[in-house]
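The values are calculated or read from the model by the stated rules, or taken from the named source; none is laboratory data. No experiment lies behind these values; they were computed from the predicted model shown. Note: ideal-geometry Cβ built from the backbone for every residue, glycine included; neighbour counts use all protein chains shown.
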Amino acid sequence: MLEFETKYFGKVPYAPGSVIEFPLGLPGFEHEHRFVLIEQSINKPIVFLQSLSQPELCFPTAPVSQLCPNYELTLSAEDLFALGCHEQPVVGQDTLLLAIVSLAPDGPATANLLSPVVIHWRTRLAVQAIQADSPYSHQHPLLAPAPVAPCL
Amino acid sequence: MLVIRRRAGQSVLIGDNVEIEVIEVSPGRVKLGITAPREVLVLRKEINLTREQNLIAARGVSPSAVLKLMERMRPDPPA
């Protein structure tokens, strides 16, 4: 079993077949093409998208289905091509949608629903598909306003 | 911000080399044609927002902050 260095979990074993390839990279990280998903029951619902080549690059993400059950995805011709698809994929069936989570130290946690990461299970290819004509926010609040803050 | 009214077929010039033409106006959206030199980067703003958001998300977050978030996102917090 191969191993790779991760940001939060030290050295983690991975199977070559579990690598996800982003042919176009991600905006801001155009040269990062290979990632592995780190999903552990203890971390639910967060799924980590860890770069294979840069241990320091690890995006916390959350399944879009959990944040927005009726999410409507439309892929551009360019994104379809990058995913190796000829038609719009069926969300939840051949694709997994993840929203990248931002944890600003001084602000609320938000998820980027404007640009979900679309992973195609069969081809193991992925894109960050910007939904330019959609109403979705790039800073969707992840948590409802906190109830009563616990006293520590 | 400079605000200009234009109709379909009319243009706006920016500097010597950039022209933005309104090609079509329909309810809720407009189609623009942009003529610019190759070295001028033309982007939909959503791409920039996504880039900025990715950079924020990739910035070092302490493992404890991630843990805290996961605890709060769990559907059934322990009583």
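Here are the numbers for the structure shown:
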item	result
Exclusive hit being surrounded by fewer than 19 Cβ atoms within 10 Å (Cβ to Cβ) and under 26 Å from A:SER41 (Cβ atoms), set A:GLN88, A:GLN66	A:GLN66
A:ALA82 out of contact with any Lys or Arg (no Cβ under 7 Å at 6 or more places or on another chain), buried (at least 17 other Cβ atoms within 10 Å of the Cβ), of a type in the set (Gly, Ala, Ser) and in contact (Cβ under 8 Å) with a residue 40 or more places away in the chain	yes
Members of segment A:2-37 found to be of a type in the set (Phe, Trp, Tyr) and away from chain B (no Cβ under 14 Å), listed by number	A:PHE4, A:TYR14
Residue within segment A:118-139 that is of a type in the set (S, T, N, Q), surrounded by 13 or more Cβ atoms within 10 Å (Cβ to Cβ) and at pLDDT 95 or above present	yes
Filter result for A:SER65 (in contact with a Gly (Cβ under 9 Å, 6 or more places away or on another chain), at negative phi and among the small types (Gly, Ala, Ser))	yes
Contacts under 6 angstrom Cβ, first residue in segment A:117-133 being without any contact (Cβ under 8 Å) to a residue 40 or more places away in the chain and more than 14 Å from chain B (Cβ to nearest Cβ), partner in a strand (DSSP E or B) and crowded, with 20+ Cβ neighbours inside 10 Å, 6 or more apart	A:HIS120/A:THR95
Condition met for A:THR123 (within 20 Å of A:PHE35 (Cβ to Cβ) and of a type in the set (Ser, Thr, Tyr))	yes
Qualifying positions in segment A:87-116 - within 14 Å of another protein chain (Cβ to nearest Cβ), in contact (Cβ under 8 Å) with a residue 24 or more places away in the chain and aliphatic (A, V, I, L, M)	A:LEU98, A:ALA99, A:ILE100, A:VAL101, A:LEU103, A:ALA109, A:ALA111, A:LEU113, A:LEU114
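Residues checked against (1) aliphatic (A, V, I, L, M); (2) surrounded by 13 or more Cβ atoms within 10 Å (Cβ to Cβ); (3) touching a residue at least 24 places away in the same chain (Cβ under 8 Å):
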{"position": "B:ARG5", "(1), (2), (3)": "no, no, no"}
{"position": "B:ALA8", "(1), (2), (3)": "yes, no, no"}
{"position": "B:ASP16", "(1), (2), (3)": "no, no, no"}
{"position": "B:ILE20", "(1), (2), (3)": "yes, yes, no"}
{"position": "B:SER26", "(1), (2), (3)": "no, no, no"}
{"position": "B:ARG38", "(1), (2), (3)": "no, no, no"}
{"position": "B:VAL42", "(1), (2), (3)": "yes, no, no"}
{"position": "B:GLU52", "(1), (2), (3)": "no, yes, no"}
{"position": "B:LEU55", "(1), (2), (3)": "yes, yes, no"}
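Conditions tested, residue by residue: (1) under 30 Å from A:GLU5 (Cβ atoms); (2) at pLDDT 90 or above; (3) over 16 Å from the mean Cα position of the chain (by Cα).
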{"site": "A:LEU49", "(1), (2), (3)": "yes, yes, no"}
{"site": "A:CYS58", "(1), (2), (3)": "yes, yes, no"}
{"site": "A:HIS86", "(1), (2), (3)": "no, no, yes"}
{"site": "A:VAL91", "(1), (2), (3)": "no, no, no"}
